[in-house]
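Scroll down for the structure; my scribbles are underneath it.
The values are calculated or read from the model by the stated rules, or taken from the named source; none is laboratory data. What you see is a predicted model, and the numbers here were worked out from it, not measured in a lab. Neighbour counts are summed over all protein chains in view; Cβ atoms, including those assigned to glycine, are modelled from backbone coordinates with ideal geometry. Note: accessible area is taken over every heavy atom of the protein model, side chains too, but ligands, DNA and RNA are not part of it. Shrake-Rupley method; radii C 1.70, N 1.55, O 1.52, S 1.80 Å.
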Amino acid sequence: MRVIGLMSGTSYDAIDAAAADLTLDGDRLTLTPLGLITRGYDEGLRASLAAALPPAPTTLADICRLDTAIGRAFAAAAVEADRELCDGQARLVASHGQTVYHWVEDGQAHGTLQIGQPAWIAEATGLPVVADFRPRDIAAGGQGAPLVSLVDRMWLRDRPGTPAALNLGGIANITAADGTAFDTGPANALVDAVVAEATGDRLTYDLDGEIALRGTVHQDLLDRLLAEPYYARPAPKTTGKELFHLPYLRTALKGYEALPTEDVVATLTRLTARTVADAVRSVRASEVVASGGGTRNPALMAFLRAELGVGVPVRTSDELGLPAAAKEAYAFAVLGFLTLHGLPGTVPASTGARHASVLGSITPGRRGTPWPETVPEKAAPTRLVVDGHGGGTR
């Protein structure tokens, strides 16, 4: 079955549309990457989204307009992916949507909101759409994240030692071989915020880590940032830009206003490396397989390797056949496939839920939903095999 996975992460800079051929054979799910299309939000939509995110106030009218505009943008990406990557033969779209709020209090997730109305995707493509993945896990007592932990465990289970999968988006998350999974803290979120403010939005991230590499890490500021209580909380746990945003950072930087932007960015980059490395050590990982936009930041990757030392190698998911830029979108393609087959998409040990759940809601295509024969849960796949090393970016 050809499936298109749609993803826009907490950096909300672009929509990734990854296409995959998925074949289920016993306990083995084979994924053949067909490629990735990445399309940035237009400036007006991105600005409207940024203006509506916490801690900024917003209105229901703003959310309604964003839900429609983002849904249309996702729909356009899906149409292009079906045409360019699937030869018009896609049968399903799995859309993560755009997270705008993740409600966590006292360490417990109570709700989550991803927008990008799937009806626009179904209408534009004619295909059924699985969307709104996270709420079901939260309703079962889980954190609603990291949902890719099931895919990570299936993918890495046959590797030697105790591998851990790491995603470096706006927020960083990790999945360990034993099923432990959690958000480690900010990956790119705080760096992006500082760079955007310092450049008047001329830059929205630290391109090639150039700013961090020009700066100096300030240990006393790093120590202050590391005192954030979130880092000491036990797993499972989740966080987001509801906590790690620009006003949060301004408070942390009181007394350090005179620091050059380069030094602030270097210190924040080291913060990400340190908190990720602490998480890796806590799960006793023997290797790290990293994906996400942060893998393109040489400063962050160098800091992370320095923090972990030679005993824990850090490689990117590209080396295992899944392009680092597309890995999350491929993961949601897998989750959508599981949902359509009536199979659970969560690991209770990863999210803290009371039980595994079939995730998401299904919006039928123009010809309804081509329900495949439901696969018994006992026959659910336990291994994900990536076939070949295709899947470039267009």
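At-a-glance table
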| item | result |
| --- | --- |
| C-alpha center-to-center spacing [the stretch 31-84, the stretch 340-390] in angstrom | 24 |
| Computed over the chain: relative contact order in percent, which uses C-alpha pairs under 8 Å that are six or more apart | 25 |
| Accessible-area value, Tyr205, 1.4 Å probe, nucleic acids and ligands omitted, Å² | 110 |
| Solvent accessible area, Å² - Asp178, 1.4 Å probe, full protein context | 100 |
| Exposure rank, largest accessible area first [Trp371, Trp155, Trp103; 1.4 Å] | Trp371, Trp103, Trp155 |
| Accessible area of the stretch 177-274 divided out per residue, in Å², using a probe of 1.4 angstrom | 45 |
| From phi via Karplus (6.51, -1.76, 1.60), per-residue ³J(HN,Hα) for the stretch 327-341 in Hz, x at Gly/Pro | 4, 5, 5, 4, 4, 6, 4, 5, 4, x, 4, 4, 4, 4, 8 |
| For the stretch 18-82, accessible area per residue (1.4 Å probe, heavy atoms of protein chains only), Å² | 45 |
| Protein-only accessible surface order, largest first, of Arg354, Arg270, Arg284, Arg136 at 1.4 Å | Arg284, Arg354, Arg136, Arg270 |
| D_trans [Stokes-Einstein, Kirkwood Rh over alpha-carbon pairs] for the stretch 244-394, 37 °C, 0.692 mPa s, µm² s⁻¹ | 172 |
| All Cα pairs of the stretch 87-197, percent lying beyond 21 Å | 52 |
| Environment charge at Ser291 (Cβ cut-off 12 Å; Lys +1, Arg +1, Asp -1, Glu -1) | -2 |
| Rotationally averaged projected area of the stretch 29-80 (alpha carbon convex hull; nm²) | 5.4 |
| Protein accessible area in the chain, 1.4 Å probe - carbon and sulfur % | 51 |
| Cα gyration tensor, the stretch 3-113 - rounded (a/c under 1.5), prolate or oblate | oblate |
| Using θ = phi - 60° and Karplus 6.51 cos²θ - 1.76 cosθ + 1.60, couplings along the stretch 43-53 (whole Hz; Gly, Pro as x) | 4, x, 5, 5, 5, 5, 5, 4, 6, 9, 7 |
| Candidate residues Arg153, Arg367: accessible-area rank, largest first, probe 1.4 Å | Arg367, Arg153 |
| Within the chain, longest stretch clear of exposed GluC sites (Glu not before Pro) (DSSP loop, no more than 14 other Cβ within 10 Å) | 1-256 |
